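Visitor: Next up is a structure, given as structure tokens.
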Amino acid sequence: MAEAVKEHLHSRPGWVRWRDLLIGRRYALASFPDRPKPLVVVAYNRRASMRAREMVRAIEQNWPEIPPHCRDSYDEILQNTPKLVVVQFLRTNTCGCLGHRHVVVKETLFAEAHDTLGGDLAGELDIAYQRVETWLALPLMDTALDTQFVAGSRLEEFHAERFRLKLLSILMHEINHMVHSHEPEDSVRKRSLALYRDSIAQYVENARASLSLTIDRSFSRFEQD
């Protein structure tokens, strides 16, 4: 599937590819390592290249590492997703939301069913990455963890990990809406926040176990709490 999509992208007329290059339009592909679908196409502007790479890492590296019960909670949902999901990776959006499921695919390349998808339609959503960076998913927990990491050498690593887990949580939230459009928002949010909460807690626990508290001050406050 990934190779077919790459071929589809390269099959565009030369002038279209040059236009996208000039305006900074880019595409990155990401696959869930333990599942045949969906293939995720991240559509982004070149100024967001670093953050788009974090979106890819969230899917390909963080997803397999989150607690098994979090992955299991999305088992049926992922089985029923479209084969391809387009993520419009935006800096922000006018409504102030973190993301949306799109009822109609806006990305022209994938707006119609074609051979690349075996005749199936793609799905589409958007994520506002700048809003995600400043979003406190669980305010008390996030603030407490920031305090615990602030004195140490792994603060930057922690922030990057947290950003990827928030991206993953929002991605799964919108895919949940895509597959089960009538599921109540409270139910969808409970599942996606549980993914974030349990995954960040596991990361912190593993980090504590892997560091000497006498050498690295990242977790100096844990012993006091």
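Visitor: Is it fair to say residue 80 is surrounded by 15 or more Cβ atoms within 10 Å (Cβ to Cβ) and of a type in the set (S, T, N, Q)?
Guide: Criteria not met by residue 80.
Visitor: A follow-up question, please. Grab the strands (runs of 3 or more DSSP E) fully contained in region 21-137, keeping just those with 1 or more residues being modelled with pLDDT under 90.
Guide: Details: elements: 25-31, 39-45, 84-90, 99-102, 123-128.
Answer list for region 21-137: 25-31.
Visitor: Please indicate, with yes or no, whether at least one residue in region 43-60 is over 17 Å from residue 195 (Cα atoms), among the hydroxyl-bearing types (Ser, Thr, Tyr) and without any contact (Cβ under 8 Å) to a residue 40 or more places away in the chain.
Guide: Within region 43-60, one or more residues are over 17 Å from residue 195 (Cα atoms), among the hydroxyl-bearing types (Ser, Thr, Tyr) and without any contact (Cβ under 8 Å) to a residue 40 or more places away in the chain.
Visitor: Considering only region 183-199, I want to know if a residue exists there that is aliphatic (A, V, I, L, M), at pLDDT below 75 and surrounded by 10 or more Cβ atoms within 10 Å (Cβ to Cβ).
Guide: no
Visitor: Working only within region 179-210, note down all residues that are without any contact (Cβ under 8 Å) to a residue 12 or more places away in the chain and of a type in the set (Ser, Thr, Tyr).
Guide: Correct list: 187, 210.
The values are calculated or read from the model by the stated rules, or taken from the named source; none is laboratory data. The structure displayed is predicted, hence computed values, not measured ones. Every residue, glycine as well, gets a Cβ built from its backbone with ideal geometry; the counts of neighbours run over all protein chains shown.
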